[in-house]
C-alpha cells in the first residue's frame with residue numbers, strides 16, 4: 001500500500017511540474033493516462049490546468065488559430081465543467097470570432113466570414129447575435145451570386161435585406177450603395193442589349209453583351225447572345241451557307257465538347273489556324289479565360305473572327321507567332337518579330353516558366369507553366385492589350401487544368417477552399433473535385449462530364465463555359 005501511495009504521488013508531481021512549466025498537453029496526458037483525477041490532492045492541479053488552458057485558448061485566438069483555441073476550451077471544460085470562468089472564456093472566444101467575421105465582411109470577403117460563423121454554430125456557441133450575422137452573410141453571398149448571374153434587381157434586394165438586419169453596420173450601407181449603382185448600370189445595359197438583339201444589330205449586341213458580362217460574368221443569356229453575335233459576324237463558309245443562322249428568338253441546345261484528336265500533328269493545325277476548339281471559362285469573382293485545347297496555338301491580330309486562335313487587339317500581323325506544345329515543353333515559333341527574354345528569335349525557341357514574350361513593338365505577354373504535375377500553361381497580359389473576345393488570360397490546356405487557392409494553380413482563386421480540376425478523357429472534357437459539384441443543375445459526387453455551355457457550382461464557387 002505504501003508503494004502504491006508513493007507511485008501516484010510521484011506521477012501527480014510529474015504532472016504538476018509539466019503544468020507549471022507550460023507543457024499543458026503533457027500534464028493533461030499524465031492526468032488522464034494514470035487516472036490521477038480520482039485522488040483528492042489532484043484537484044488543485046486540475047483547476048490550475050483548466051485555468052491555463054483557458055488563457056492559452058485566448059492567446060491562440062489572438063494568434064489567428066481559432067480551431068486550437070476552441071480545442072483548449074473543450075479540454076478545460078472537460079476538466080472542471082461549465083464553470084463561470086469557462087463560460088466567461090467562451091463569451092470572449094465568441095466575441096473574438098464575431099469581430100473577425102465582421103472584419104472579413106467589411107473587406108468584401110463573405111466566404112471567410114461565413115466559415116467563421118459556421119464554426120461558432122459547430123461549437124454550439126451560436127448566440128442570437130451570431131445567428132443574426134450569419135443571416136446577413138447569407139444575404140450578402142446571395143446578392144453576389146445573383147449579381148454574377150445578371151439578376152440585378154434580386155441582387156439589390158438581397159443586399160438591402162442584409163443592411164436592414166444590421167443597420168448600425170456602416171460598411172453594409174456603403175456596400176449597398178455600390179450594389180445599387182451596379183444593379184442600375186446592369187439594368188440599363190440589359191435594356192440596351194435586348195433592344196440591340198431585337199433590332200438584329202449584332203455589333204451592338206456583342207458590345208453590350210461584353211459590358212453585361214463584365215458586371216455579371218455568369219449571365220447565361222448575355223453569354224448566349226454574345227455567341228450568336230460572333231456567329232453572325234463571322235465570315236461564312238460554303239458549309240455555313242447551307243445552314244440557316246439562328247436569330248435572337250430561336251432556341252439553342254448545348255452540345256458536348258469535342259476535343260481535338262490527340263493524333264493530329266502540330267503541323268496539321270499550323271496550316272489551319274483557329275481550327276482547334278476553344279472555350280471561354282468564366283470564374284465568378286475571378287475573371288474570364290480563353291482556353292485553347294489544341295497543341296499548337298496561333299497568336300495574331302484580331303482581324304476576322306476565326307482567323308487565329310488568340311486574336312489580340314494590337315499592332316500585329318494576322319499570323320504573328322505560334323506557341324506549340326512538345327511533350328512537357330512549349331516552343332514559340334515566330335512568323336513575325338518576336339522577342340523572348342528581350343532577345344529577338346528567328347526560329348522555334350524553348351519557353352521557360354516566367355519568360356516574357358514581345359510580339360511586334362508593343363504587345364507583351366508572360367508565359368507561365370506553374371503546376372509541376374500538369375503540362376498546361378498560361379499566357380498572362382503584361383501590356384495593356386487584350387484578346388478578342390476579351391479575356392484576363394489564355395490557358396494552353398494539355399491534359400488537365402487546375403483551379404483553386406494555391407499559387408501554383410493555372411487559375412488562382414484565392415477565396416476557394418479546395419481545387420477543381422478540368423481534364424480530358426476519351427475525347428471529352430470532365431471536371432472533378434473533392435466536394436460535391438452541381439453541373440447544369442445536377443449534383444454529382446466528385447466527377448462530371450461537361451457540355452459546351454456547362455455551369456459548374458460548388459459551396460463557394462461557380463464556373464461557366466462558353467464555346468468560341
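The values are calculated or read from the model by the stated rules, or taken from the named source; none is laboratory data. Not measured: the values here are computed from a predicted model. Neighbour counts are summed over all protein chains in view; Cβ atoms, including those assigned to glycine, are modelled from backbone coordinates with ideal geometry.
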- [ ] Test residue 214 against the stated conditions and say whether it is modelled with pLDDT of 85 or more, surrounded by fewer than 18 Cβ atoms within 10 Å (Cβ to Cβ) and either in contact with a strand residue (DSSP E or B) (Cβ under 9 Å, 6 or more places away or on another chain) or under 21 Å from residue 468 (Cβ atoms) (or both).
- [x] yes
- [ ] Answer yes or no as to whether residue 175 is farther than 26 Å from residue 281 by Cα, at pLDDT below 90 and crowded, with 18+ Cβ neighbours inside 10 Å.
- [x] yes
- [ ] Go through the residues of the range 253-262 one by one and say whether even a single one is at pLDDT 75 or above and over 22 Å from residue 213 (Cβ atoms).
- [x] no
- [ ] Filter the range 427-439 for residues that are over 15 Å from residue 459 (Cα atoms) and surrounded by 13 or more Cβ atoms within 10 Å (Cβ to Cβ) and give the result.
- [x] 428, 429, 430, 431
- [ ] Consider only pairs whose beta carbons are under 9 Å apart and that are at least six residues apart or on different chains; among these, list those whose first residue lies in the range 69-91 and is within 16 Å of residue 48 (Cα to Cα) and whose second residue is not in a helix (DSSP H, G or I).
- [x] 73/123; 74/123; 76/83; 77/83
- [ ] Report whether or not residue 60 is buried (at least 19 other Cβ atoms within 10 Å of the Cβ) and touching a helix residue (DSSP H, G or I) at 6+ places or on another chain (Cβ under 8 Å).
- [x] yes
TODO: Grab the strands (runs of 3 or more DSSP E) fully contained in the range 274-366, keeping just those with 3 or more residues being touching a residue at least 12 places away in the same chain (Cβ under 8 Å).
DONE: 278-283, 287-292, 296-301, 310-312, 321-326, 329-334, 338-340, 356-359
- [ ] Please state which of the following conditions residue 55 fails to meet, knowing it meets all the rest: (1) at pLDDT below 90; (2) surrounded by fewer than 20 Cβ atoms within 10 Å (Cβ to Cβ); (3) assigned to a helix (DSSP H, G or I).
- [x] (1)
Task: Selection count, the range 358-386, where residues are under 27 Å from the mean Cα position of the chain (by Cα), buried (at least 20 other Cβ atoms within 10 Å of the Cβ) and over 16 Å from residue 412 (Cα atoms) - done: 1
